[in-house]
Amino acid sequence: MSDKSSGTYVIDAEYNVVSYNQTIHELYPQLVRGKKCYKCLMGLDEPCPPCPVAGHIHGPQTYLDPIRGIYETVDAVDIVFENGKEGHALVMSTVGESETIAAKLPRSRDELERLLEQKYFDSLTGGYSRSGFIRQANLLFSRVPKTDYAVVMFNIQNFKAINDVFGVEGGDQVLKTVFETLQTSWLSPVISARAESDWFLFLVNRSRIGDHSLNTLLNLEWSSGTRIVTLHLRCGVYFAEDSTVPVSNMVEWATLAIKFAEQESYGGLAVFNKSMRHTYMEHAAILSSFRSSIRNGDFQIWYQPIVRASDGRLCSAEALVRWIHPKAGMLSPGNFIPALEKGGMISELDRYVVKHVFSFQDDLKTSGLATVPISVNLSRQDFYDDQLMSDVFRLAQEHNLTGRCVNFEVTETSVAALRQNCSYLLGQIRQSGAKVLLDDFGSGYSSLSMIGDYSFDIIKIDKSFIDQIENKPTVRAIISSAIDMCHRIGLKTVAEGVENAAQLEFLRGQHCDYIQGYYFAKPMKEEDFLACLAGEQKALAMDAGDEKPPFLRDFDSSNLEELIDHSGQFIQVCHPEDYTMVYANAKTLAISGHPELPYAGQKCYQYMLGLDAPCGHCPMKKMGTEAEKEIEVDDGAHVFALKARYTMWNGRKVFIEYGRDVTGTKVAKIRYHEQIQSILENLPKGQGVFRMDLTDDRWLSSGGIAQNARDMQNIRDVDTLIHMIAAFVPDEAGQQQFFALFCREAQLRAYRENQHQIVHETKSYYDDRSIRWSRITVQMIDNPENGHIESLLYGVDISRERERVAELESERLQSLQEKDALQKDVSIAWGMSSKAEQDRRIDCLTGLNSRLDLGDTLQRAKEGTGDLVSAILMLDIDDFKLVNDTYGHTAGDLCLRAIGKVLLEFGTLHAITFYRFGGEKILGIFHRRDCGMKETVEALLETVRRTRIPLKGASCKILSVADRKKEG
């Protein structure tokens, strides 16, 4: 672990990161609370292959860390959280560094306090952490007014892409650069902190913000070697207006502002205002009332007709949802849909709509009316809801409707995010007989390749294009090309948001198939749609089964078709004379680091790399005089195998390049050789190493410093080699175990189970004939050059390590014993403290409650948090002083103990608590309203009078008491 000692992180049963200590955060800064550990650490979609939690492995085990390339001992410990749920703590330490670990443990209270202070500081930037920021701000505000300051928060857009391109070390450099730049800027913050990951927090004098524009800090430059990268930041500001607002709330409001800054309308900068809080509260109110509205039927399904472009006849409809809130009235879908998506409830609403539409179509069929297909919108979250998707398929079978009575719409954004999972489910939907419509085409991930990657039947052209038909020739050309392209590959098109005759005329001229928009019909209630259907029955009956194929015209769309044919690759189109971008697909935009920014008309080198001039590896520079060429391009972060050519696009020359990222293959080859070389170079003295081809069952080489290893040459096959190595284990049982663990079949089985390493500790002979403990490791490696599975077997002398581990274990047990002894002392002290507290509240002579407890009882009754006090009774023993003077104080104490016992028994029966008020005075509190005050007191006095107390050297003493009552 280099200069690190040990680390721990905690995950829940679903592998979500719950917490981690500073050491583990320094080693793996990509860990994020609330995210899947395997996603953070390895970018995987399932637990890492060697994960001890997934493998149910208990106790310390040694693994090769694939991120840092060193061996670590990992112990997965089962834990139970405060809420009763189970989780796991993963404790990590590096093999061979036990001394370092022990040296770093705190040995004094001062060292421990310094260790505990770490949570207030950020080790990467040297600034404060979130906790440290809040603590320092509270200290400052104890001396100065809050209203003189503002909380300013920044974060980096697409920081993950920076980590992916430049690695974790490069990402750390970016974080330090941004922090230092902002800290030393004109902001002059009085407190600077890194809240987490790429979120930076500053407390700034509000007068400074008034003198400058925060926009100047939203674009920073960072250089990596010869490359200059532009970093795009977002900023949220909270101006303290109320001195009573806690610092933690000030931070939360700045965080809320930065979330609004992500919206395009804010341009990356947002100042917190009441409307943001209102929006936040509005979303919370929507989520809190959603389920009751579902149960009460407050959601209505409306329908917007879709007509044939050629004659305006009704042919289908889209189901839309309206919320008639019992208090707020009609809620806009633009408000409640985003709130439900963020709250994870959108799938419940979609399930409600799907069931309703199936029932609606079923009722129409039962009534004998002709129907039209109705499409239902599916959100991205629906594809993760197995039950909802199961309901979709089940309803299609149960209702036995004619095929395609209910269709489904998905958006470009959902498809782009879901990828393979979406592709499979879309295929299943189409197999059930429904059509799949791609909604809002062109509004988000405008990738023509998407149409070739997924199974669609109809493409819905987004309203944002339709709105520009009358004003922009380029938009008309795009719509025309898109319609023709869809027809050529067998898809039909719908134009969304058509509102006037000019738009309709143009779309008809381009042979668009269907029209949806206010020009023909607005969304309408169910009863109005039924009336619309009733009026179209004759026409619908005539049109039944008459579905025409897409219109095809003589139009050269080869360039567009080529982009579809090469889907799944990186695609970019530029004008060669000025490098301006014409087209780039989603995969290309993703590596720019800012795919949400518009690219059309931008210089490719500036948009993609943040450079001011064409890059040295530009594919156009490698074309020479050729019109078409295969090129390999290395931009320092990626290696691309490209096909490039010059062609014409809408009458203008363009340069098209498309291909795949082969960085992984290149890196795999380099890593393969480096991994083998690293093992060979770092073997300790006296060790050997053996290399095998498991796929071909061949011995490849034997080497290392150990003579007995170098002697093993030209071995017939893998198992023969393993038998020969096993012979160095001193006993026969150990040899059999060795062979069972490392034979060819065992290695291949481990590889199939995603276990690329086998580790075994055993005694073995060395060259000097001594017997010592060894750690035998087999490392399976993929050879990218031939696709074979190879393995390296090597050993490490761990005799001294085992001795040290035994010493540490002894120290650990001793520490546990000391801890147990300390715990016992603490328990005893706590018991004594509890008894002391009890003694303060109970009068030790009478056993009644003390005057201290009386005060607490009356205070709780006054605050309404304690038992009812309906009446108070004061008792005074008659002539008690005479008893003391005549018989002595011992006799007086005997009388008080006797009266205390009588009162405790009486109070239990009649819900009265008695307190010794002082001397012979005793106070009683009645807890029932219908206590029968007079009768109860008389019974009490009679009980006391009947009490006989035998006194030593005297006859029995009969007590009498006087009472004073107060009812309340």
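Observations, loosely collected:
- Farthest positive-ward along the chain dipole, Cα basis, beta-carbon charges - from G87, V633, V357: G87
- Fully extending the segment from D634 to K763 would add 41.5 nm, taking 0.36 nm per residue of separation and subtracting the current Cα-Cα distance.
- Within the accessible area of the chain, the carbon and sulfur atoms contribute 50%, probe 1.4 Å, all protein chains present.
- Charged-residue dipole, Cβ positions (Lys, Arg, Asp, Glu), the stretch 290-353 about Cα centre, Debye nearest 20: 140 debye
- Ordering L816, L882 by accessible surface, largest first, gives L882, L816; the 1.4 Å probe counts only protein heavy atoms, with every chain in place.
- The value for the stretch 134-222 of Rg(Cα) / (2.2 N^0.38 Å) is 1.19.
- Relative contact order [Cα under 8 Å, 6+ residues apart], the stretch 699-819, whole percent: 15 percent
- Accessible surface of D45, taken over heavy atoms with a 1.4 Å probe and every protein chain present, rounds to 130 Å².
- Here's how it looks for A706: its modeled amide H is under 5 Å from those of G686, Q687, G688, which are all 5 or more places away or on a different chain.
- In this structure, E626 and Q736 have a Cβ-Cβ separation that, at R0 = 56 Å, corresponds to a calculated FRET efficiency of about 0.30.
- For the pair Y672 and T216, label points projected 7 Å from Cα toward Cβ lie 5.4 nm apart.
- Take the Cα of R277, step 7 Å toward its Cβ, do the same at R772, and the gap between the two points is 7.0 nm.
- Entry note: the stretch 692-843 has Rg to Rh equal to 1.36, where both radii use alpha-carbon atoms and Rh is the Kirkwood radius.
- The alpha carbon radius of gyration of the stretch 467-541, expressed as a multiple of 2.2 N^0.38 Å, is 1.30.
- Only Cα pairs under 8 Å and 6+ residues apart enter the sum, and on that basis the relative contact order of the chain stands at 5 percent.
- For the stretch 223-362, the relative contact order works out to 16 percent when only alpha carbon pairs closer than 8 Å and six or more residues apart are counted.
- W302 - accessible surface, heavy atoms, 1.4 Å probe, Å² rounded to 10: 40 Å²
- Size of charge dipole - the chain - debye, nearest 20, with Cβ of Lys, Arg +1 and Asp, Glu -1, no other charges: 2540 debye
- Annotation: extensible slack from S870 through H399 equals 162.8 nm (criterion: 0.36 nm per residue apart, minus Cα-Cα distance).
- Amide H contacts under 5 Å for Y583, placed H, 5+ residues apart: V573
- Residues E807, E86, E526, sorted by accessible area with the largest first, give E86, E807, E526 [1.4 Å probe; ligands and nucleic acids excluded].
- On a per residue basis, the chain carries 51 Å² of accessible surface, using protein heavy atoms and a 1.4 Å probe.
- Ordered by solvent-accessible area of protein heavy atoms (1.4 Å probe), largest first, the residues S142, S131 come out as S142, S131.
- Ellipsoid semi-axes for the chain, based on the Cα gyration tensor and the rule √(5λ), read 67, 50, 31 Å when sorted largest first.
- For A861 and L909, the FRET efficiency from 1/(1 + (r/R0)^6), where r spans their Cβ atoms and R0 equals 30 Å, is about 0.90.
- Selection from L951, M648, L395, by position along the positive dipole direction of the chain (Cβ): L951
- Counting only DSSP H runs of at least 4 residues, each contributing -39500 (n - 2.57), and dividing by the residue count of the chain, the helix-based mean residue ellipticity at 222 nm comes to -12500 deg cm²/dmol.
- Principal axis box of the stretch 291-347, alpha-carbon based, largest edge first, Å: 43, 22, 17
- Net length gained if the chain between R208 and D578 were fully extended (0.36 nm per residue, minus Cα distance): 129.0 nm
- Selection from I899, A534, W773 lying farthest towards where the dipole of the chain points positive, charges on Cβ: I899
- The simple Förster model, with R0 at 56 Å and r as the Cβ-Cβ distance, assigns H56 and S243 a FRET efficiency of 0.55.
- Packing-based ranking of 687-696, 884-893 yields 687-696, 884-893, ordered from highest to lowest mean Cβ neighbour count within 10 Å.
- Under 15 Å from K274, Cα to Cα: aspartates and glutamates that are on another chain or at least 8 residues apart: E241, D242, E252, E282
- Amide H contacts of L320 (H built 1.01 Å from N, under 5 Å, at least 5 apart or other chain): W302, Y303, Q304
- Residues within the reach of a label modelled at K119 (point 7 angstrom out along Cα to beta-carbon, backbone nitrogen below 20 Å), restricted to the stretch 19-60, are 19-29, 31-35.
- Rolling a 1.4 Å probe over the protein heavy atoms leaves D148 with an accessible area of roughly 70 Å².
The values are calculated or read from the model by the stated rules, or taken from the named source; none is laboratory data. In this text, all values refer to a predicted model and were calculated from it rather than measured experimentally. Virtual Cβ from ideal backbone geometry, glycine too; neighbours counted across all protein chains shown. Areas reflect the complete protein model, heavy atoms only, side chains present, ligands, DNA and RNA absent. Shrake-Rupley method; radii C 1.70, N 1.55, O 1.52, S 1.80 Å.
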